[in-house]
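A short worksheet on the structure shown next.
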Amino acid sequence: MHLPEVKVCGITRIEDAENALNLGASKLGFILYNNSPRCIKFEDILRIKDDLDLQPDKMVAVQVEPKPSELNKINEIGFGKVQLHFPYNLPIESVIEWSDIIGPDRLWLAPKLPNGVSFPKSILSLAETFLIDAYCEDKFGGTGKVSNWESFYNWKNEFNSKEWVLAGGLSPDNIISAINSTGAQFLDVNSGVEKIAGIKDYAKMTEFFSNISSIF
């Protein structure tokens, strides 16, 4: 296996974005969901983008059940990827519309899947990348809870033509176990490398990347 890619999500500050990239992050996640404590405004994203000369392939927009108008605004900003969270039983017509606006190659779908629920095969053709986060009844991501690694491993292998991103409570303490258990080749870290919501901890980020490197 090669060294996994890492997306550091919940970026709100220029210094955190720069540190993440310098440590080895391939992508930065910017949360646009108003109910998230890590929500960032478009003007602040553009400031970070300009200051660091970020290319679209480094930038991932994160939203929950967006309206088409919100996706059109995301397209204007120039995000390389768009990560969308939604209930697993959302009518398929909504997901089809998102795929049409964003394009399957740029779309990361993150269905909220309770334990014991099968992966919804109906959405597989609508995106090239799928993100598995921890299930929380009243929240979409950023909970610090660990996702179901066994399910991730099974889906990653069953639907191996797609890219699978492991999220949910990843931290310096569990990242080696997570990789060994799932074979994940793309990791998404957020709360596990923070001081408080939206403020990254440089020491934790450094340890996170160092621990990944130690097993490759």
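The values are calculated or read from the model by the stated rules, or taken from the named source; none is laboratory data. This one's a predicted model, so the numbers in the text were calculated from it and none came from an experiment. Note that we place each Cβ from the backbone using ideal geometry, even for glycine, and neighbour counts take in every protein chain shown. For accessibility, only protein heavy atoms count, side chains too; no ligands or nucleic acids. Shrake-Rupley method; radii C 1.70, N 1.55, O 1.52, S 1.80 Å.
Treating the beta-carbon of each Lys and Arg as +1 and of each Asp and Glu as -1, no other charges, what is the dipole magnitude of the stretch 146-201 about its Cα centre, to the nearest 20 debye?
80
Which of Gly116, Ser26, Phe159 sits farthest toward the positive end of the charge dipole of the stretch 1-159, with +1 on the Cβ of Lys and Arg and -1 on the Cβ of Asp and Glu?
The residue sitting most towards the positive pole is Gly116.
Of Lys112/Lys156; Lys41/Lys73; Lys41/Lys81; Lys7/Lys204; Lys58/Lys121, which pairs sit farther than 19 Å apart, going by alpha carbon to alpha carbon?
Working: Lys112/Lys156 16 Å; Lys41/Lys73 12 Å; Lys41/Lys81 17 Å; Lys7/Lys204 15 Å; Lys58/Lys121 28 Å.
Beyond 19 Å: Lys58/Lys121.
Using a simple spin-label model with points 7 Å from Cα along the Cα→Cβ vector, what separation in nm is obtained for Leu90 and Asn157?
3.0
Taking the Cα centre of the stretch 7-90 as origin, sum charge times position over the Cβ atoms of Lys and Arg (+1) and Asp and Glu (-1), and report the length of that vector in debye to the nearest 20.
On the way: 11 positive and 12 negative charges, 56 e Å.
In debye, rounded to 20, the stretch 7-90 gives about 260.
Roll a 1.4 Å probe over the protein chains and send me the accessible area per residue for the chain in Å².
Numbers: 9770 Å² over 216 residues.
With the other protein chains kept in place, the chain gives 45 Å² per residue.
Considering the options Ser94, Ser36, Ser125, tell which one lies farthest towards the positive end of the dipole of the chain, charges being +1 on Lys and Arg and -1 on Asp and Glu at the Cβ, about the Cα centre.
Result: Ser36, furthest along the dipole toward the positive end.
Could you order the peptides 116-126, 61-71 from most to least packed, using the average number of other C-beta atoms within 10 Å per residue?
61-71, 116-126
Please report, in cubic angstrom per residue, the volume enclosed by the convex hull of the alpha-carbon atoms of the chain.
110
Based on the mean of other Cβ atoms within 10 Å per residue, sort peptides 39-49, 158-168 so the most packed one is first. If you can, show how the numbers build up before the last one.
Numbers: 39-49: 15.9, 158-168: 17.5.
In descending order of packing, they fall as 158-168, 39-49.
How much of the accessible area of the stretch 33-178, probe 1.4 Å, is carbon plus sulfur, in whole percent?
Roughly 44 percent, rounded to a whole number.
Sequence gap at least 6, Cα distance under 8 Å: using those rules, report the relative contact order of the stretch 98-216 to the nearest whole percent. Intermediate results must be reported in sequence, preceding the final value.
Values: 181 pairs, mean separation 23.6, N = 119.
About 20 percent, as a whole number.
Taking the Cβ of Lys121 as the center, what net charge do the other residues with Cβ under 13 Å away carry, scoring Lys and Arg +1 and Asp and Glu -1?
Net charge around Lys121: 0.
Relative to the compact globular guide of 2.2 N^0.38 Å, what is the alpha carbon radius of gyration of the stretch 14-113, as a ratio?
Dividing the Cα Rg of the stretch 14-113 by 2.2 N^0.38 Å gives 1.08.
How much length, in nm to one decimal, is gained on full extension between Asp50 and Lys67, taken as 0.36 nm per residue of separation minus their Cα-Cα distance?
3.5 nm is the gain from fully extending Asp50 to Lys67.
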